[in-house]
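A short worksheet on the structure shown next.
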Amino acid sequence: MPHSPFKLLGENAKELIPFPHVIDIGLEVVNSIKLNSFPCLPVKNLQMYLVLDGRFNWIINSKHEVLYPGDTAVILPGQEFGGLHGHQDIGTLVRLQLRIEKIDNDGRIVLGKWSKLSKSERLVIWQILKLNDCPVIKCSYLPPLFQEACAEIRDQELGFVTRVNHILDTLLILICRQITRQAGARRDFPQTFTNLEKNLRQNLSHKWTVEEMAAMMGLGTTAFNEKVKAYTGFPPLHYLINIRISEAIKLLKLKETNITDIALKTGFYSSQHFSTTFKKLTGHTPNEFRKRNTTTE
Amino acid sequence: MECIITIEIGTNAVRIIAFDLTGNVIGSSKGSYPTFHVAPDYSEQDPDQMFITMLYVMKNLLNERIHPFHHEVISICFSASMHSVLPIDKHGVALGNAFTWADNRGKNEAEELKNSSVGNSIYDSTGTPIHPMSPLIKIAWLNRNDRDRFNKAAKFITIKTYIIQQLTKDYLLDYSLASATGLLNIHSREWDTDALEYAGIAASRLPDLVPVFQKLNKLRPEYQKSLGLSEGVKILIGSSDGCLATLGGGVWEKDMATITIEDSGAVRVVSKEVLKDSKQRLFNYLLTDKYYISGGPTNNGGVAFEWFAKQFGDFKSLYDVDQVMQQLVQEATKSRAGSDGLLFLPYLLGERAPIWNANARGTFFGINIMHEKRHFIRATIEGILYEIYSIGKTLESHKTISSLTANGSFASIPFCTQLLADIFNKPISIGKNPDSIAQGAYLLAATNLGIFDSISTAAKSVKMATTFDPNKQTNPIYMKYFGLFERLSNKLQDEFADIARLQSDI
């Protein structure tokens with residue numbers, strides 16, 4: 001990258017008018033320590049930092065993190081963020097703050113029209129970011145992307161809006177890929193599979209696809225299919241049906257929820273779909289099952 | 001063709017295997033389920049998921065390997081892992097998840113009971129070492145720490161009881177699995193009064209006891225239909241994984257023992273008498289009304305090697321942990337017996353037999369400047385096997401062992417089996433069917449069908465694939481280091497307690 005990033009562009013910068021979703025972007029240079037200038041507070045937007053120079057002691061989401069040049073930090077809306085000693089350390093950073101419209105009911109990140117990420121990608125990206133407990137990412141191909149985004153905004157050549165938005169999407173994708181890699185699905189498949197399973201249970205009403213589940217594990221779909229089959233004995237979607245039915249059984253026994261609601265809560269398309277799947281496996285319909293379990297046997 | 005199906009409800013997965021009547025495997029299938037660790041010492045499983053997984057695997061196996069070939073299932077035999085507890089309400093609804101064998105939340109209760117005189121007599125009567133694994137301790141824990149669930153519980157059952165109840169309506173438990181609850185008097189074969197009193201329950205809150213050969217009620221009609229099984233299929237309650245692994249390991253002669261090493265491990269013998277160990281180091285479980293399975297369990301089998309592989313293996317070029325472990329075993333062969341003086345105590349998960357010390361921790365001892373990675377690899381494997389040997393030695397203080405069989409994924413790695421033979425200084429055989437639990441369940445069902453005239457004839461029918469003979473040169477080397485291994489394991493007691501306390505404060 002021949003160009004180095006420019007000074008921080010903030011709220012009123014005219015360069016950012018085509019990018020209402022970018023709150024600020026650019027270089028942040030800290031020359032001196034200002035006491036109590038950087039207390040630990042919840043952040044409002046999605047923040048990303050790339051360290052160019054210096055050493056930063058931060059508290060991110062109640063954990064002490066030390067960042068060195070080349071490291072990238074990702075802080076999610078709602079997470080607390082500040083300096084270890086209440087001030088910012090001396091050094092140079094590239095900073096990027098993105099506005100997130102909302103997180104929808106299905107657990108998808110809503111970024112706005114500028115982003116070309118698909119629904120399914122936005123779900124997986126948010127799940128990965130949310131579950132990630134290691135906000136510092138060491139990855140050599142992230143720094144050039146920050147630099148490139150800055151250069152495009154400054155130079156404003158043909159197609160720069162498209163290019164910048166594209167780079168922002170790419171940043172999110174590569175950060176998530178690196179997070180799953182750091183989590184090490186290859187090294188410790190059982191452990192990452194346990195995490196995936198926990199997440200499936202928490203979002204059981206979502207109609208998970210194999211691509212989404214594989215992405216959560218940081219694996220391609222072929223490798224994911226093979227590994228899940230070898231580890232659990234089931235193809236991923238069948239394993240998912242196991243979880244859906246076992247959760248449904250619990251709800252059926254509790255007698256508080258009606259069958260249509262149980263079907264939707266546990267991720268079936270309809271009570272009909274629930275009923276046929278349930279019967280195929282257990283030999284009786286959810287209704288029959290519930291009746292049988294209300295009498296004392 | 002007629003066939004027998006065995007269903008093993010294991011620690012991580014259900015394994016269902018179909019045998020023809022002569023014992024050849026004609027199909028197998030498995031499905032895993034998760035273990036939840038919601039807090040330190042907690043280890044739970046979802047009984048409904050286990051049931052559904054079992055049904056699903058069963059259905060797949062029947063539809064793929066049995067029905068298309070017009071095989072007729074004439075008997076089904078169960079086995080299950082030991083020590084699980086599931087409280088259920090008066091409608092049979094599970095009150096939360098089941099406690100698995102690995103749940104340690106009752107460690108204070110266990111400590112207290114173990115050091116009391118009543119604890120000693122409960123061990124003598126029930127044959128189950130006083131340990132948090134024991135359902136006795138788990139129920140006592142619920143009584144003291146989760147009063148609401150304890151009071152709501154109409155019964156405290158095992159996962160096997162739950163699954164069998166779903167299939168056939170009855171709440172039953174075989175004497176074999178019951179003898180691993182710490183609540184059954186293994187001499188009188190009744191629930192033990194002292195143990196019940198300690199747990200704080202009446203016998204009516206436990207399942208009904210039946211022999212391992214007990215034929216269960218008919219399969220509920222809906223399952224007959226969905227699985228495509230006939231009304232007349234004979235369902236046997238069966239036994240526990242540990243007892244069946246011993247039977248299926250072909251250990252029956254007086255002076256034989258079997259070594260099982262998967263993630264955890266055990267050394268076991270069969271006899272008509274209980275092994276009375278004054279230090280409470282060994283278990284005595286019932287296989288049938290005539291035979292006891294006695295032995296000692298370890299927490300640190302293949303799991304300790306897998307830990308090593310995950311930390312120090314080379315993941316750059318290899319795809320997964322199994323391949324990495326294979327490569328590490330390769331590297332281990334490049335070091336000499338005894339790892340040139342590097343010693344490993346494998347107590348990553350605390351330890352059961354023979355030291356029964358939950359605070360024990362892993363230790364590399366004797367590292368010098370010449371030691372390389374290959375020494376550490378070999379020392380890790382040797383340490384795991386010394387631990388197995390120390391259980392074997394405890395057993396030998398009660399009875400003679402002249403030969404052994406080995407099974408389980410770790411023990412049957414040829415390098416490990418050879419090492420075991422060298423350390424034990426005895427021949428060790430590997431059975432033809434690596435899955436000795438299923439083999440044991442098949443033998444039980446086949447005996448019940450009259451294919452074998454007795455369970456001992458059945459055990460003697462087990463064929464061995466290979467035998468590893470001990471290497472007389474290396475045994476003395478291992479014995480020198482084993483002496484040190486034993487001394488360190490005992491000597492470090494105070495330090496183990498201190499480090500465990502420091503670790504729990506983190």
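The values are calculated or read from the model by the stated rules, or taken from the named source; none is laboratory data. If you're wondering where the values come from, they're calculated on a predicted model, not measured in any experiment. When we count neighbours, we look across all protein chains shown, and the Cβ atoms used for this are built from the backbone with ideal geometry, even at glycine. The area values use the complete protein model at the heavy-atom level, side chains included, leaving out ligands, DNA and RNA. Shrake-Rupley method; radii C 1.70, N 1.55, O 1.52, S 1.80 Å.
Below is a table of values for the structure above.
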item: Ratio of the Cα radius of gyration of region B:193-232 to 2.2 N^0.38 Å, where N counts its residues; result: 1.88
item: Length-normalised contact order for region B:2-242 - Cα pairs under 8 Å, 6+ apart - percent; result: 21
item: Expected-Rg normalisation [2.2 N^0.38 Å, Cα atoms] applied to region A:14-183; result: 1.01
item: Extent along principal axes [Cα atoms of region A:187-297; Å; largest to smallest]; result: 48, 24, 21
item: Using a Förster distance of 30 Å, the FRET efficiency for A:Tyr68-A:Lys34 (Cβ separation, nearest 0.05); result: 0.85
item: Rel. contact order, % - alpha carbon contacts under 8 angstrom, at least six apart, chain A; result: 14
item: Occluded residues from region A:253-283, i.e. those whose accessible area drops by 30 Å² or more once the chain is not alone (1.4 Å probe); result: A:Lys253, A:Lys280, A:Leu281, A:Thr282, A:Gly283
item: Solvent-accessible area lost in complex, 50 Å² minimum, residues of region B:213-237 relative to chain alone, 1.4 Å; result: B:Glu222
item: Between helix B:373-396 and chain B: long-axis angle, C-alpha atoms, 0 to 90°, nearest 10; result: 60
item: Cα gyration tensor, region B:70-191 - rounded (a/c under 1.5), prolate or oblate; result: oblate
item: √(5λ) per eigenvalue of the Cα gyration tensor, region B:2-242, largest first, Å; result: 33, 18, 16
item: Delta accessible area of at least 40 Å² on complex formation, residues of region B:72-111, 1.4 Å probe, chain isolated as reference; result: B:His91, B:Val93
item: Cα-Cα separations in chain A greater than 29 Å, expressed as whole percent; result: 46
item: Rounded to 5, the percent of DSSP beta bridges in chain B classed as antiparallel; result: 65
item: ³J(HN,Hα) computed for each position of region B:52-67 - Karplus, 6.51 cos²θ - 1.76 cosθ + 1.60, integer Hz, glycine/proline x; result: 4, 4, 4, 4, 5, 5, 4, 4, 4, 5, 4, 6, 9, 10, 10, 4
item: Solvent exposure of region B:357-506 as accessible area per residue, Å², 1.4 Å probe; result: 45
item: Environment charge at B:Asp208 (Cβ cut-off 11 Å; Lys +1, Arg +1, Asp -1, Glu -1); result: -1
item: Per-pair calculated FRET efficiency, R0 = 41 Å: B:Ser117 and B:Gln503 via Cβ, rounded to 0.05; result: 0.80
item: Accessible solvent surface per residue of region B:2-242, calculated while the other protein chains remain in place, 1.4 angstrom probe, Å²; result: 34
item: Degrees, to the nearest 10: B:159-168 long Cα axis against longest axis of chain B; result: 20
item: Region A:14-183 - percent of accessible surface contributed by carbon and sulfur, probe 1.4 Å; result: 54
item: Accessible area expressed per residue, region A:114-175, with surrounding protein chains retained (probe 1.4 Å, Å²); result: 44
item: Calculated diffusion of region B:407-451, Stokes-Einstein form, Kirkwood radius summed over Cα pairs, 4 °C and 1.567 mPa s, µm²/s; result: 108
item: Exercise: per-residue mean of other protein chain Cβ atoms within 10 Å, B:25-35; result: 4
item: Linear extension gain, B:Val210 paired with B:Phe315, 0.36 nm per residue minus alpha-carbon span; result: 32.8 nm
item: Accessible carbon and sulfur surface of region B:2-242 relative to its total accessible area, %, 1.4 Å; result: 48
item: Chain B - Rg (one decimal) and Dmax (whole number), Cα, Å; result: 22.3, 69
item: Normalised contact order of chain B, rounded percent, pairs of Cα under 8 Å and 6 or more residues apart; result: 14
item: Bins of 10 Å, starting at 0 and running to the largest distance - Cα pair percent for region B:435-476; result: 26, 35, 18, 16, 5
item: Stretch gain in nm, segment B:Tyr42-B:Arg336, where the contour uses 0.36 nm per residue and the Cα spacing is subtracted; result: 101.8 nm
item: Kyte-Doolittle mean at least -1.0, axial Cα span of 24 Å or more - DSSP H helices of chain A; result: A:160-183, A:236-254
item: Summed buried accessible area for B+A [probe radius 1.4 Å, Å², rounded to 100]; result: 3100
item: Distance in nm between pseudo-label sites at A:Glu101 and B:Ser456 (7 Å out along the Cβ direction from Cα); result: 7.9
item: Volume of the Cα convex hull of region B:386-506, divided per residue and given in Å³; result: 165
item: Cα pair distances exceeding 52 angstrom across the protein assembly as shown, given as percent; result: 22
item: On Cα atoms only, tilt of B:117-126 relative to the major axis of chain B in degrees; result: 60
item: Computed label-point distance, nm, for sites B:Asp148 and B:Glu372 using a 7 Å Cα→Cβ extension; result: 6.0
item: Number of partner chain Cβ atoms within 10 Å, mean per residue of A:232-239; result: 5
